[in-house]
Every structure is written in C-alpha cells, then in structure tokens.
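Asks: Structure in structure tokens, see below.
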Amino acid sequence: MADRELTFEIFRYNPQKPEVKPYLQTYKLKETTGMTIFVALNQIREEQDPSLMFDFVCRAAICGSCAMVINGRPRLACKTLTKTLPARIKLFPLPVFKLIGDLSVDTGTWFRHMSLKTEAWVHTSKTFDPKAQEERMDNETALKIYEAERCIECGCCIAGCATANIRDEFLGAAGINRVARFMLDPRDERTPAEYFEVVGSEEGAFGCMGLMACDDNCPMELPLQMQLAFVRRKMASIGIGYKPGKGIKLA
Amino acid sequence: MLLQRTLSKSNKTDLYLDLVELASGLLLVGFLWTHMLFVATILISQETFNGLSEFLDKYYLSYIGIPFIIVVALFHFVIAGRRIPTRIQEQRIVWRHAKMLRHTDTWTWVFQAITGMAILVLASIHVWMVVTGWPIRDFTSAQRMESFWWFYLILLIVGEYHAGFGLYRQFVKWGWFPRKPIGYITKVITAIILVLGLAAMFVFVQLGGAL
Ligand code: HEM
Ligand code: SF4
Ligand code: SF4
Ligand code: FES
C-alpha cells in the first residue's frame, strides 16, 4: 500500500492571469503511510511547484478552510486519507464560491453574507449584565443547539448542492441550518413572522429540492436533512397564518 | 439590496407553490397506484375488469375522476416543473455537476425531471387513445395493448419511476420519516406495482391475440 505512486491531476487557474486558460496539471508522488490530501499538497508545493495555491489552517477538520472537490466529491483535504482513494486523484476547487486561484476559494464572503442575511445572532431586548449569573438552559435544548453549531463553514454542502450551483440567492443547507439553530434558542426573541421573512421563501426553506447532496457530503456529519425538514415544516405552519404587510406599488 | 427583489419578496407565494407541489404529487401517486391496481383486476378475471369499469361508469366516477386528474396533472406540471432549469447554461451546470458528484439522489432528480417531461407527452397520448375509444372493456384494452405494447411498457416504467422516487423525495423534504427506511419502502411498493403492471400487460397481449 505504502509504495503506491499517486498521480494528481490538479485544476490550475489564476484569475489574476486570465491570459492563461484553465488547465489540469499532473504531479506524481510516492504515497506514505497515513498520508492525507493536505500532506500530499504540501509536499507537492514544497518539492515540485511553489506556485500551487490551496488553503489550510488547522489541518484537523476544525477551521473548514481546506474543502475542495476530491475525485468529484466535496471533502476536507486534511480529513481525506489517500489510501481511501484510487491512485489517480483529481482535485478541483469548490464551485459556487469565488475562485481565488487553483484550489483556493473565498468561502468567507459567502458565509458572511449568509450570516447577515439570516441575522445569525441572538436577538434580545435584555441588556447584558456581566455580573449576573448566566441564565440556565436545559440540557436537551443545549445539545440540540450544539448539534447545529458544529458546522465549520467549510462549504461542502453548498458546493455539492445542485440548487446552490444555479441559484445565487439560495441560502443552502448551511444557511438553513443556521436559522434552525436560532429557532431552537429560547434566548432569541424573534417572532415566527420574523423568521418567515428570512427563510419562508425559495431563497430559504422552499428552494431546497431535497437532493441530499448536503446531507451526504457534510464532513461534520450534521443531520442536515432533518434540519432542512424541520425548518420547512416550521415555515409552512407559520406561513399559513402569516399576514404580510402591504407592499409598495411601482406604478 | 436590489430594488426589484426586495419589492417582489416576502409574500406567501413560495409557500403556496411548495404546498401545491406536495399535494399534487401525493394525489398523482395515489391516483397512479390505484389506477394500476384497477388495471391489474384483469389478473383475476375479465368479468372483474369489465365489472369494475362498468361500476366506475355507472356512478360517474370516471367522468369526475379523469378531468380532475388531468387538472391536477397540469398544476403539477407547471408547479413541480418550475424547478427544471430553463436556461441552457443552467442545464449544463446541473448535468456536469451530477456527473462530477456521482451522487445517487442528485442523479435520481435529473431523471425525475426527464421522466416528468416524458410522462407529459406519453400520458397525453394515452388519455387521448382511451377517451376516444370509450368505454373501457377487456377487448378494447387488449387491442390497444397488443398493438402498442412497447408504448405502454415505456409509460409504465417511466411513470412508476417518477411516482416512486417523487414520493421518496417528498418524504425526504418534509422529514416525516427517516430517510433510509422510506427509500426502501417506496422502492418495494414501486417494484410490486411494476410487477402487477407487467403481468397485466402480459395477460392483455395474450387476450388481444385470442380475440
Ligand atoms: C405532466 C407531466 C409531469 C411533469 C412535467 C413532472 C415534473 C416533475 C418534476 C420536475 C418534479 C421535481 C420537483 C421537485 O423536485 O421539487 C416532479 C416531482 C414529482 N412528480 Fe412529477 N411530473 C409530471 C407528472 C407526474 C405524474 C403523472 C405523477 C404521478 C405519478 C408525478 C409525481 C411526482 C411527485 C410525487 C413528485 C415529487 C414532488 C416533490 O418533490 O415535491 N408527476 N415532477
Ligand atoms: S437537500 Fe439538496 S437542494 Fe436541499 S440544500 Fe441539500 S443539496 Fe441543496
Ligand atoms: S453544514 Fe457541514 S458541509 Fe455545510 S458548511 Fe457546515 S460543516 Fe460544512
Ligand atoms: S485545514 Fe482546517 S479543516 Fe482542513
């Protein structure tokens, strides 16, 4: 096993140099025990090609920055062992996100936009008193919130989603999961109608077509199907009794 | 903020469309499976088949049922069909994406859209043939099956695929049941209905030769 020779075909394109069209570059590398795609890429950059662009920070599936398309599937480079793959490995950057160059994409801007749009913070009228004892929360609720909080914003669910690939405004599983997190939180004082405003449309819950590429590709194994369905059902029951305000007429 | 999006947002249209998609899908699957069970009465005897058809005629159930299902199918076509990407570039993105991902549920959705379009054409022809040859009796059906068995074979497979996977997807989207068992159950029911349909077809083609 350890003496396989791996062939990497890596997507190369630098938007700063548009005169060079996108192409696939091949690198060869000896496999070592316990090698991850992250280790392999660093070795290629150190020994063969210092111009290769890719991202990583934590190398431990915590920061979410090393996600890329590995043999067709969105995966974390630091969590994917080469021994689980055939000897030919194709690497592409994640679709949907802005391409920085080669395998590096900007997920930050997308996730910031999503956080602002879903207003991903606890909406409360209480003023914070640093001296007071923290309010208690029952364990079950805390665990449910934690389950949604485990998202590391890697973007695999967005890149894998066919809907997100063609609908720019779609919040995707990460966005809908984020809303689910605040809907569960008893400290958030938003009304059902306010949540409906955020995800009660095709940009949110009703845009999802149930393809489940998010659920099947999330490296943190978040229960995304159940989160999407939870928000969809919630939005349907809120929406039935919801009275939208009168709109402004353009003419 | 974009003026045109902001002013057109935040009404309940998307919710209603999703609910109509849900209801029309459920109604059509319910109809298709009932329809296939009715057709399969030929497996019991010709009398049972004719008796059922006469019964549906006598109480005007056919005359209410058929137009109703046509209207539901039209609603479903427009509303579920809104998910089909219309621009060529979008179609190319989805196609390449499905090939890249090699992901079962993404591929089954692509075929959901393709079989939906096929049903639109094939089912219209089927309804036209049946309605112009009214009433339905064992010999009228046997004649149609004998001459156009290949047409019915395609419609059967395409229809059952679309109904089975469509139902699975609705359950997945609304999350009423866990994903794995519901996939298994819809596949088993689809297989049973397919076998019944094929058996009924076989009997009809035999009958057609005998009449
Ligand atoms: C008129 C021709 C038809 C067309 C063009 C069509 C098209 C479609 C499309 C594109 C979808 C995917 C929608 C989505 O994923 O949200 C769909 C879903 C579905 N279709 Fe059809 N269809 C047709 C006829 C039928 C018939 C006759 C049945 C009944 C057997 C049926 C049952 C379903 C079901 C249950 C779904 C799942 C709906 C959902 O996911 O919410 N369709 N159809
Ligand atoms: S279920 Fe499918 S359509 Fe919905 S968010 Fe996940 S991948 Fe996208
Ligand atoms: S939900 Fe999963 S796949 Fe999506 S961004 Fe979060 S960790 Fe990544
Ligand atoms: S480098 Fe942080 S998740 Fe892979």
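Asks: With a cap of 14 neighbouring Cβ atoms within 10 Å, and only residues DSSP puts in a loop, list the chymotrypsin sites (Phe, Trp or Tyr not before Pro) found in the range B:10-104.
Replies: Sites meeting the loop and neighbour criteria: B:TYR59, B:TYR60.
Asks: Let me ask something else about it. Tell me which of A:SER237, A:PHE38, A:TRP121 sits at the most positive position along the dipole axis of the protein assembly as shown, charges placed on C-beta atoms (Lys, Arg +1; Asp, Glu -1).
Replies: A:PHE38
Asks: Name the longest site-free stretch of chain B, where the excluded sites are trypsin sites (Lys or Arg not before Pro) in a DSSP loop with no more than 11 other beta-carbon atoms within 10 Å.
Replies: The segment B:103-211 is the longest one with no such site.
Asks: Please report how far the C-alpha centroid of the range B:135-195 lies from that of the range A:1-59, rounded to the nearest whole angstrom.
Replies: After rounding, the separation between the Cα centres reads 47 Å.
Asks: Let me ask something else. Let's see if you can work this out: charge +1 on each Lys and Arg Cβ, -1 on each Asp and Glu Cβ, no other charges. What is the dipole magnitude of chain B about its Cα centre, in debye to the nearest 20?
Replies: Using Cβ point charges on Lys, Arg, Asp and Glu, chain B gives about 1180 debye.
Asks: Rounded to the nearest 10 degrees, what's the angle between the helix B:13-39 long axis and the longest principal axis of chain B, both from Cα atoms, 0 to 90?
Replies: Taking the Cα atoms of chain B, the angle to B:13-39 is about 20 degrees.
Asks: If you don't mind, there's one more thing I want to ask. Normalised by the number of residues in the range A:5-105, what is the relative contact order in percent for Cα pairs under 8 Å and 6+ residues apart?
Replies: 34
Asks: Sticking with this one: For the range A:126-224, state which GluC sites (Glu not before Pro) are in a DSSP loop and have at most 16 other beta carbons lying within 10 Å of their beta carbon.
Replies: Qualifying residues, ordered by number: A:GLU134, A:GLU135, A:GLU169, A:GLU189, A:GLU221.
Asks: Go through B:TRP107, B:VAL71, B:LEU122 and say which Cα lies farthest out towards the positive end of the charge dipole of the range B:40-124; charges sit on Cβ, +1 for Lys and Arg, -1 for Asp and Glu.
Replies: B:TRP107
Asks: Still on this structure, I have one more. Mind checking the angle between helix B:104-132 and chain B's longest principal axis? C-alpha axes, 0 to 90 degrees, to the nearest 10.
Replies: It is inclined by approximately 40 degrees.
Asks: Still on this structure: Restrict the search to the range A:102-165; then list the trypsin sites (Lys or Arg not before Pro) that DSSP places in a loop and that have at most 14 other Cβ atoms within 10 Å of their Cβ.
Replies: Here the trypsin sites (Lys or Arg not before Pro) that fit, given the DSSP loop and packing criteria, are A:LYS126, A:LYS131, A:ARG136, A:ARG150.
Asks: What's the longest uninterrupted piece of chain A once you rule out the chymotrypsin sites (Phe, Trp or Tyr not before Pro) that are loop residues per DSSP with at most 10 other Cβ within 10 Å?
Replies: A:129-251
Asks: Now for a separate question. Under a Cβ-Cβ cut-off of 13 Å, what is the net charge of the residues other than B:MET201 that fall near it, where Lys and Arg count +1 and Asp and Glu count -1?
Replies: Net of charged neighbours comes to -1.
Asks: Which is farthest toward the positive dipole end of the range B:127-211 among B:LEU194, B:GLN206, B:PHE139, measuring Cα position about the Cα centre, with Cβ charges +1 (Lys, Arg) and -1 (Asp, Glu)?
Replies: About the Cα centre, the residue reaching furthest to the positive side is B:LEU194.
Readers should treat all values here as calculations from the given coordinates under stated rules, not as data from a laboratory. Here the structure is a predicted model, which is why all the values come from computation and not from measurement. Counting neighbours? That spans all protein chains shown, and the Cβs are built from the backbone with ideal geometry, glycine included.
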